[in-house]
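Visitor: For reference, the structure I am asking about is given below.
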Amino acid sequence: QVHLAESGGGLVQPGGSLRLSCTAAGSIASIYAMGWHRQPPGKQREFVASLTRDIGTMYADSVKDRFTISRDYAKNTVFLSMNSLKPDDTAVYYCYASILGVPYWGQGTQVTVSS
């Protein structure tokens, strides 16, 4: 199993930037992929970005060229750098880690983009 702890959410104005962090503890060596999903108000959870050892990075079309996912393997931490934020990016952002096809989720962190 793996435990995930997220941080970095908050309130930002349109056009601003935020960086989310997610630190994993537990069966770190078994993690195949890490990434982020988000759940906008009143909507279903949706894929944002992922990073795997063999495939590399993948992004949802809605965040491509604005968001960057990266991982610090030494610190067992995955980051989501978000630039040019829009009100539509408002959501609870969830970190996940995949081990043998089983997803583990963090508790979520709120990102609000508003003037």
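The values are calculated or read from the model by the stated rules, or taken from the named source; none is laboratory data. Note that the coordinates shown come from a computational prediction; the quantities given were computed from them, not determined experimentally. Virtual Cβ from ideal backbone geometry, glycine too; neighbours counted across all protein chains shown. Note: accessible area is taken over every heavy atom of the protein model, side chains too, but ligands, DNA and RNA are not part of it. Shrake-Rupley method; radii C 1.70, N 1.55, O 1.52, S 1.80 Å.
Visitor: Would you mind working out the accessible area per residue for segment 7-115, using a 1.4 Å probe, and quoting it in Å²? Write out the running numbers ahead of the final one.
Guide: Details: 5640 Å² over 109 residues.
Ligands and nucleic acids excluded, the result is 52 Å² per residue.
Visitor: Ranking request for peptides 75-83, 31-39: highest mean number of other beta-carbon atoms within 10 Å first, then the rest in descending order. Provide the component values of the computation, followed by the final result.
Guide: Numbers: 75-83: 19.4, 31-39: 21.0.
Ranked by mean Cβ neighbours within 10 Å, highest first: 31-39, 75-83.
Visitor: Please report the relative contact order for the chain, taking Cα pairs under 8 Å with a sequence separation of at least 6, and give it as a percent rounded to a whole number. All intermediate terms of the calculation are to be shown ahead of the outcome.
Guide: Values: 281 pairs, mean separation 43.1, N = 115.
Relative contact order comes out at 37 percent.
Visitor: How big is the dipole moment of the chain about its Cα centre under a simple scheme where the beta carbon of each Lys and Arg is +1, that of each Asp and Glu is -1, and everything else is neutral? Debye, nearest 20, please. Walk me through the intermediate numbers first.
Guide: Values: 10 positive and 8 negative charges, 14 e Å.
Roughly 60 debye for the chain.
Visitor: Now for a different question. Subtract the Cα-Cα distance of Asp61 and Val102 from 0.36 nm times their separation in residues, and report this length gain in nm to one decimal.
Guide: Working: separation 41, 0.36 × 41 = 14.76 nm, distance 2.45 nm.
Between Asp61 and Val102, full extension yields an extra 12.3 nm.
Visitor: State, to one decimal in nm², a quarter of the convex hull surface area for the C-alpha atoms of the chain, i.e. the direction-averaged projected area. Walk me through the intermediate numbers first.
Guide: Values: hull surface 26.8 nm².
The orientation-averaged projected area of the Cα hull of the chain comes to 6.7 nm².
Visitor: For Gln13 and Arg45 in the same chain, what is the full-extension length gain: residue separation times 0.36 nm, less their Cα-Cα distance, in nm? Working shown, then result.
Guide: On the way: separation 32, 0.36 × 32 = 11.52 nm, distance 2.27 nm.
This chain segment gains 9.2 nm when fully extended.
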